[in-house]
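Note sheet for the following structure.
Each reported figure results from applying straightforward, stated rules to the coordinates on display, with no laboratory input. The model shown is predicted, which means the values in this text are computed figures rather than measured ones. Reconstructed Cβ throughout: ideal geometry from the backbone, glycine too, with neighbour counts over all protein chains shown.
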Amino acid sequence: MLSGLASWSLQKKVSVTLLGVMTTLVLLTYVILNAIVSPAFDRLEIDDATRNLIRAERAIHSDLNMLDAIVLDWASWDDAYTYARGEYADFKKSNLDRPTLPNLNLNLLLIFDANGKELWGQVLQAGTKMSPDVLGVFDGDEKQVKQLIQHTSLNGSVLGLLRTNLGPMLFSSRPILTSLNEGPIAGTMIMAQFLDNSRMERLSERTEVTMSWTVVSPSPSVDSLTVHTPSVDWADSMLHTATIKTITSTGVLNDLYNEPLLVLAASTPRSVSALGSQTVNAALLFFLLAGIVVAVVTWLLLRTTIVLPLEGLAKHITRIRESGNLSQKMNSVRSDEIGALATEFDKMTTEVHDARRLLLDQSFKAGKADTAAEVLHNIRNAMTPLINGLDRVAKHFKVTDTLRITQVTGELRNPESQPDRKDKLIQYIDSAFNHIKDNFREAGSELDVVSRQARQVEAILKDQERHANVPPVMEDLDIAELIDEAVLVVPTMDHPDVEISIPKRLSGYRVKAHRVGLLQVLGNVILNAYEAIKRCPSGSGRIQLQARAETIGDQPMVRVTVSDTGCGFDPQASNKIFQRGYSSKVGHMSGLGLHWCANALAGMGGRIVAESTGPGNGAEFHVLLPAAQGG
């Protein structure tokens, strides 16, 4: 796995890292929003639904309190007090026979005396008047009925929900007292209102809560009455049922006997959760877009500030490796760390370029020196016996110096010489010539040995000549740098009347050649152009150097042209000018310079051509060399 990651490019690593970070952030955001924010909105919605149900329940309780206030107002009325005591018969005519129930928005009105006898009673439902007996409340268990219609305390009260045959009712019962709330208790005032659809609609409009209720089946009766009051704990027993659009909250309302009477339901639109969902989605979208923007901006920033500069540095290194041209520069203008790296790399390549050039020169010289030392050693080994042999030959030839041949011959020519003396002289001459003959024979043998030893020296020299033809080390060279160095051979400081023109665009051409050899060739050609100008009568002129790329055959070449306004030469001499021994200079007959230039360029895979339209018209020398890779 690690080796696979190591093989990735920097751009791929950055892209994958940013993608991973962005994906992780989006996933974390999604988890946090769904684990914290969304449940918070759901809890808010449940709380809202709970409050709506409590508001619905409290609206019913508020109607109970309003009903109780009406009952209290009527029960603490002197006219009702005297009527309940049987002392005000006209009370019925003036207050009860009139449309009292519709005016008070009542569905039941009952008045009992102190003994529990019904004095007046009426049920009104949908405009129809009925007897209270239809309710089935006051003809039931005697004890329960007595709790409803008889009070033993001046502050007695029965308030709550009541189950009847016609449906559930808001019920209130109070003792009838004087206007000063004094007794004795004259009777009981009972009022009630049906919990019907019209009341449900009014409660919904008033509370702005969509509510409904369902009557619970009756259970066995109990003895004690319980006044219903809303409780905070009532919310703990609620049941919440959620759909896509609404939350329905339900709770049980008990009647006067603490028995379940109604299942109250409140429907709450799920606007909070919808808002929460929109918020979560908006937050996720925001984080996603923000992550994408940050990732894109970071990717672009990293690519422009790091990846692309590093790619440029890598391409620059590749160009140097492929071309071998260590003089190429990035010339970065950045001031950051990558710019500093590029600058230091340029410095390093410059130092390596100089070191390599020096090393090549030293290596070439060292190779030549080693070869010369080896040749001299071999020649010295061969010359020692050769010299000794020559010395021995010389000794043989010195034998004649000790012989007195001239004296003997002189005596032989003397007529006065005695015959026996002549015989001895002739014997001496024969002996001398035999001695000379023997020495010459030995000298011949010595000369044969010396000849073989001389041939050994000749073989060593031929072998050295064969190795001397090994081509020199070729380098990737900048023509402009070489020309700047080659023109130093011209003494323009002493002779400012010779102008040298070098265009700046020469720096774009590179060749593959031996640096020292090519430098000598260019210097020789430029010096020849200078001398050609100085040989003119005016002694002044112009040397112009140019370069261009061209293809000869299938090989890319660079043509360096050195033109002058000098004395020129006969066009017919253009083929002879590079021959050994030929020279157009008066008094200079060696002719080795251009001949050596032609041979040196041939060893580099190039050649040289000379052109002139005639004496006095100047000349052009074209140096053609193989172009370097990328040159």
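General observations
- Sorted by Cβ neighbour density within 10 Å, fewest at the top, the residues Ile387, Ile379, Ile111: Ile387, Ile379, Ile111
- Taking Lys329, Lys93 and counting other C-beta atoms within 10 Å, the order from fewest to most: Lys93, Lys329
- Extension gain, Lys576 back to Ala340 (0.36 nm per residue minus Cα-Cα distance, nm): 79.4 nm
- Kirkwood-type radius of segment 475-626, with distances r between different C-alpha atoms, in Å: 15.6 Å
- Rounded to the nearest 20 debye, dipole of segment 13-94 from Cβ charges on Lys, Arg, Asp, Glu: 660 debye
- Here segment 475-626 is assigned +1 on the Cβ of each Lys and Arg and -1 on the Cβ of each Asp and Glu. Its dipole about the Cα centre then comes out at about 280 debye.
- Each of His151, His622 was scored by other Cβ atoms within 10 Å of its Cβ. Listed from fewest to most, they are His622, His151.
- Taking a straight line from the alpha carbon of Lys117, these lysines sit under 24 Å away, with near neighbours fewer than eight places off in the same chain left out: Lys92, Lys93, Lys129, Lys143, Lys146.
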